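These notes are about the structure you will find just below.
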Amino acid sequence: MDQLVLDLTPTPLPAFDNFLAERNREVITALTATEGERFLYLWGEPGCGKTHLLQAWIAHAERLGRAAIYLDGKDGHLPDFAREASFIAVDHVDDLAPDDQITLFSFYNSLKESGESRLLMAGRNPPMALSVRDDLRTRMGWGLVLEVKALSDDDKLAALRSHAANRQLSIPDDVYRYLLTHWRRDLSSLIGMIDMLDRYSLAMRRPITVPLVKNVLQTATPES
């Protein structure tokens, strides 16, 4: 792994058309509706695709010419200037600091008066099960609340095959199944491992096989 390998194949950006929506068609319909609920809240277990959906929603809004911003509750404070955007996505609301919960509450008040602006949020639990301010918890339940259902193993296999095809990789099915049983099971981690295997196989000039995966996993950790 001492060799430097240039990754000339960019990772596809989050978009609705590269999200497996078989079990979440209602969610996609709600997020792409030109009219409808202006306040939306998505919940679901970690790794089910909430972040992908929020970022795809922002990209969709930008293509429509709307001022949009994605904010992560785990990454610093919510900036007050974000209220100037007409489409605001706030991820990981479970992790908002007390001051940021106040800021998010103020976003509701600002957007409510603006007419066409929209607010999309996501967390691990439904609004009423969140450990946030009572007034904010109530606001989150105002609009449309939808569960993002986790992918089945077959869904994950399909997503991994599609990602590999986009990167022009030839990977046997036993590699995918080995990863599902020996690596983290959320889709973003699995796709990240496929990308790592691509770089490693190029550096070592070896095909991607189960023995190569075992070699990589010996040095990889869940935090890496």
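Considering only C-alpha atoms, what is the centroid distance from the range 9-66 to the range 136-182, in Å? About 14 Å separates the Cα centre of the range 9-66 from the one of the range 136-182. Shape summary: the range 153-220 maps onto an equivalent ellipsoid whose semi-axes, from the alpha-carbon gyration tensor, are 17, 14, 10 Å in decreasing order. The convex hull of the Cα atoms of the chain, projected and averaged over all directions, covers 13.4 nm².
Let me have the relative contact order for the chain, percent, based on Cα pairs under 8 Å that are six or more residues apart. That works out to 24 percent. Rounded to the nearest 10 degrees, the inclination of helix 153-166 to the longest alpha-carbon principal axis of the chain is 70 degrees. Between the helical axis of 173-182 and the dominant principal axis of the chain, each derived from Cα atoms, what acute angle in degrees is found, rounded to the nearest 10? Tilt of helix 173-182: around 60 degrees.
The helix-only estimate of mean residue ellipticity at 222 nm for the chain, built from DSSP H runs of length n ≥ 4 each weighted as -39500 (n - 2.57), is -13500 deg cm²/dmol after division by the residue total. Ligands, DNA and RNA excluded, the heavy atoms of L202 present near 100 Å² of accessible surface to a 1.4 Å solvent probe.
The order of T29, T34 by accessible area, most exposed first and with a 1.4 Å probe, is T34, T29.
Within the assembled protein chains, the solvent-accessible surface assigned to V175 is about 0 Å², based on a 1.4 Å probe. In the range 153-220, a dipole from Cβ-located charges (positive for Lys and Arg, negative for Asp and Glu) runs towards its positive end, and of A164, G192, V213 it is V213 whose Cα lies farthest in that direction. A quarter of the convex hull surface defined by the alpha-carbon atoms of the range 16-147 gives 7.3 nm² as the mean projection. Working from Cα pairs under 8 Å separated by at least six residues, relative contact order for the range 79-200 is 20 percent. Toward the positive end of the charge dipole of the chain, with +1 on the Cβ of Lys and Arg and -1 on the Cβ of Asp and Glu, the farthest Cα among G115, C48, Y178 is that of Y178. For helix 98-112, report the angle its Cα long axis makes with the longest principal axis of the Cα atoms of the chain; keep it between 0 and 90° and round to the nearest 10°. Around 60 degrees separate the two axes. Only protein atoms count toward the accessible area here, which uses a 1.4 Å probe; on the range 16-147, the carbon and sulfur part of that area reaches 48 percent. Residues I102, I58, ordered by accessible area of protein heavy atoms at a 1.4 angstrom probe radius and largest first, appear as I102, I58.
By accessible area, using a 1.4 Å probe on protein heavy atoms only, the range 153-220 has 49% of its surface on carbon and sulfur.
The values are calculated or read from the model by the stated rules, or taken from the named source; none is laboratory data. What you see is a predicted model, and the numbers here were worked out from it, not measured in a lab. We place every Cβ from the backbone using ideal geometry, glycine too, and count neighbours over all the protein chains shown. These area figures cover heavy atoms from the full protein model, side chains too; ligands, DNA and RNA do not enter into them. Shrake-Rupley method; radii C 1.70, N 1.55, O 1.52, S 1.80 Å.
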